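Chemist: I'd like to ask you about the structure that follows.
The numbers here are math on the coordinates, done by the rules we state, and not lab data. Values in this document were obtained by computation on a predicted structure and should not be read as measured data. Cβ placement follows ideal geometry from the backbone for every residue including glycine, while neighbour counts extend to all protein chains displayed.
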């Protein structure tokens, strides 16, 4: 298996795609609960998560707010939900993969404050 991986990596390098392979390997999918639990250490970092879209608010302040849950976390503690902002959107019920930058204590004013927000995210429907 190692030989195949080495050969594949060498082929990608020859094609100039080695950086793509490295980026794909770094995109470790984390659970919603883990992101909420480790949020202090994730501030400013890019995360990837998967889950079901449970709420969508489109076109607010030039972005879409998409709420994603994966069945992990505690609803009573608010650790079962990720709020993602993106130029992309999804429909309630969609299974998606999201990837974006963790922002802590984001205050938009007028009572809209978020202790954890995933901003500038890409939203990819799962097939």
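Chemist: Using 11 Å as the cut-off for backbone N distance, which residues of segment 87-112 belong to the label zone defined by a point 7 Å from the Cα of residue 45 along Cα→Cβ?
Modeler: 102
Chemist: Which distance in nm do the two modelled labels at residue 52 and residue 120 give, with both placed 7 Å along the Cα-to-Cβ direction?
Modeler: Taking the two extended label points, one gets 3.2 nm.
Chemist: Right, another one. Based on other C-beta atoms within 10 Å, arrange 63, 106 from fewest to most.
Modeler: 106, 63
Chemist: Which of 65, 108 has the fewest other C-beta atoms within 10 Å, and how do the rest follow up to the most?
Modeler: With the fewest neighbours first, 65, 108 line up as 108, 65.
Chemist: What's the exposure ranking of 82, 117, going from fewest to most Cβ atoms within 10 Å?
Modeler: 117, 82
Chemist: Between residue 92 and residue 67, 0.36 nm times their residue separation minus their Cα-Cα distance comes to what?
Modeler: 8.1 nm
Chemist: Further question on the same structure: Counting pairs of alpha carbon atoms under 8 Å apart in space and at least six apart in sequence, what relative contact order in percent does segment 31-125 give?
Modeler: 30 percent.
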